[in-house]
Structures are given as C-alpha cells and as structure tokens.
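Here, each number is a calculation from the coordinates, and none is a lab measurement. Quick caveat, the model's predicted, so the values are computed rather than measured. Ideal geometry is used to build each Cβ from the backbone, glycine not excepted, and the neighbour counts take in all protein chains shown.
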Amino acid sequence: MSRTLKNKFMVLLFNSLAVVGCGQQAPSPFTLQFAAALNGSAATCEQELTGLGPTKQHSIGVNDLRFYVSNLQFKNSAGEPVALTLDSNEFQLNMESGSVALIDLMGNSTGSCAPTAVAFAEGTARTNSVVSGTTLVDEVAAISFDVGVPQAVMKSVIGVNTPEGAPSPMSEMYWSWASGYRHFVFNFAVRDAMNGTGDGYLHIGSRNCGPPSGRALSDRTACEFLNTPQFSAPQFNLNTNKVTVDLGALLAGLDFIAPIYDPKTYMVIGQGVGVECHSSPTQPD
C-alpha cells in the first residue's frame with residue numbers, strides 16, 4: 001500500500017472510531033413491545049376474561065384497547081440516559097413540539113371486538129403493539145414513558161387541524177376538538193354471575209383543557225387536570241421483555257355498576273351492569 005493510500009485509510013479509520021467510539025456499540029433498530037393480560041391470560045378479541053368485580057364473578061370481553069405513549073426514555077445500568085431516535089410512521093408522530101406513539105391492541109371485526117359487542121363501539125381495523133426506533137439496544141437496562149399526549153403536541157395539532165385532518169395517529173381518540181384527547185381508551189362488554197350484561201367504558205384523559213366554546217389549549221398552555229401517568233421499569237431488556245397492561249389492576253376496586261341513560265335526554269334513569277369512567281371527578285368509577 002502506498003504512503004498516500006495508507007494515510008487516507010488511517011484518516012477514514014479514525015473518523016469512523018470518532019463517530020462510533022472505540023469498542024462502542026452502534027445504534028440499531030429496537031421495538032418496545034406491548035400486550036394486555038388478566039391473571040396471566042392474554043387479552044384478545046376471542047378470550048373472555050373472568051374473575052372480576054367485587055365478588056370475582058364478573059367477566060369481560062375486550063372491545064377496544066388503545067393508548068398513547070410519549071416521553072419515552074432509556075437508561076443504562078448506571079442510570080445514565082441512552083439516546084434514542086423514534087421512527088415516523090402511521091402510528092408514530094414526530095414534531096418540533098414533541099413525539100407521540102399510538103398502541104392499539106385490538107382490531108374491530110371478530111369476537112368481543114366486533115362493533116355490535118358494545119353500544120358505543122369505536123375500535124379500528126388496524127392494530128399496533130410496538131414503539132420502534134433506533135438506540136444502543138444492548139445498553140438499555142431501564143425504561144420509562146408517559147401514558148398520554150404531550151400538552152405541546154396536543155396544542156400544536158389542535159391549533160392548525162380539524163379532527164379529520166390531524167396527522168395520524170392524532171386523528172383518533174379525541175374527546176372533541178374543544179376538550180382535547182383521551183390518553184387511554186378501554187371499552188369492553190360486561191357479564192355478571194346472573195348473565196346480566198352491560199358495557200364498560202374506561203377513558204383516561206386530561207380535563208379542563210379550554211373554553212367551552214373554543215378549541216382545547218387555545219387560551220392556555222396545559223389542561224388543568226393532566227391525567228398523564230408515568231410508567232417506569234427499573235430493570236428492562238428490550239430484546240426479551242415487553243410492557244403488559246394489567247387489566248386486573250386497572251379494574252380493581254370497581255363495583256361494576258353503571259348508570260343507565262335515557263337515549264333521548266341522556267338523563268340517568270337507573271343503574272345496571274357495567275363500568276363508566278370518563279375522567280370526571282363526579283364519576284364514582
């Protein structure tokens with residue numbers, strides 16, 4: 001090898017080492033996987049989940065289970081941040097104001113996921129159980145994220161879009177353009193020990209987000225009640241672990257009794273089998 005070629009080779013080599021770092025792993029694709037289960041049984045459209053309610057005699061059939069993931073962070077075994085880059089696709093939106101991903105664990109065609117399974121079905125045909133991107137995969141030893149839409153993303157999307165015109169996945173799961181987004185939607189059919197049936201609607205979202213007649217966050221930078229819980233796993237392996245929604249913990253303590261409404265006036269006319277939570281402070285659930 002000539003001296004000139006050798007010098008060029010050494011320059012290229014050291015430039016490469018400067019970028020990757022001597023002995024350091026190069027970033028590679030990752031998928032953070034999600035699932036849902038009850039007492040070890042996977043939640044699917046075909047599986048009735050049992051042992052719920054105050055006497056453990058209620059059963060549910062999951063109809064829709066979706067939630068937003070944001071502020072994803074990785075750390076190594078020393079507790080130091082591990083850099084990551086998120087993909088952009090129909091389930092992941094990256095903006096100057098922040099990033100958000102939609103996890104959708106159920107379809108809308110079979111079993112309890114069919115539109116006829118609950119009175120107010122809203123599930124979608126498409127599903128997604130991962131957040132994807134690139135990172136130093138083998139360095140990751142702990143993870144954390146928020147369940148919900150970042151306030152800055154919510155404000156920037158609602159401010160310049162109609163609900164139908166919002167970029168995917170922000171065209172889903174809004175209360176209304178005046179109220180902002182639900183962060184977590186869980187709809188399900190309910191059956192009690194006497195075969196009485198009803199619906200369950202558990203919607204976690206921010207509240208008091210703007211004026212009654214205007215758009216959410218049009219007069220403020222954040223909702224009054226955020227309802228964006230943080231999840232953290234201090235020991236986590238991206239190659240072998242997944243994040244599982246514990247439906248038993250989610251429904252623990254509920255009496256499985258919900259109001260019955262007059263379909264014309266929407267006034268409460270009784271109560272029956274079901275669960276109802278729309279993040280209102282006045283709702284018992």
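Considering every residue within the stretch 68-82, establish whether at least one is touching a residue at least 24 places away in the same chain (Cβ under 8 Å), closer than 30 Å to D255 by Cα, surrounded by fewer than 20 Cβ atoms within 10 Å (Cβ to Cβ) and of a type in the set (D, E, K, R). Looking for residues that are touching a residue at least 24 places away in the same chain (Cβ under 8 Å), closer than 30 Å to D255 by Cα, surrounded by fewer than 20 Cβ atoms within 10 Å (Cβ to Cβ) and of a type in the set (D, E, K, R), one finds none in the stretch 68-82, hence no. Annotation: I158 fulfils all but one of (1) farther than 21 Å from Q230 by Cα; (2) over 15 Å from the mean Cα position of the chain (by Cα); (3) surrounded by fewer than 21 Cβ atoms within 10 Å (Cβ to Cβ); the unmet one is (3). The set of residues in the stretch 111-125 that are polar (S, T, N, Q) and loosely packed, with under 12 Cβ neighbours inside 10 Å contains only T116. With a requirement of 3 or more residues that are touching a residue at least 60 places away in the same chain (Cβ under 8 Å) and of a type outside the set (V, I, T), the strands (runs of 3 or more DSSP E) lying completely within the stretch 166-285 that satisfy it span 180-191, 197-205, 230-233, 268-277. Filter the stretch 72-125 down to the residues that are farther than 18 Å from Q33 by Cα and under 15 Å from the mean Cα position of the chain (by Cα) and list them by number. Residues satisfying the conditions are G123, T124.
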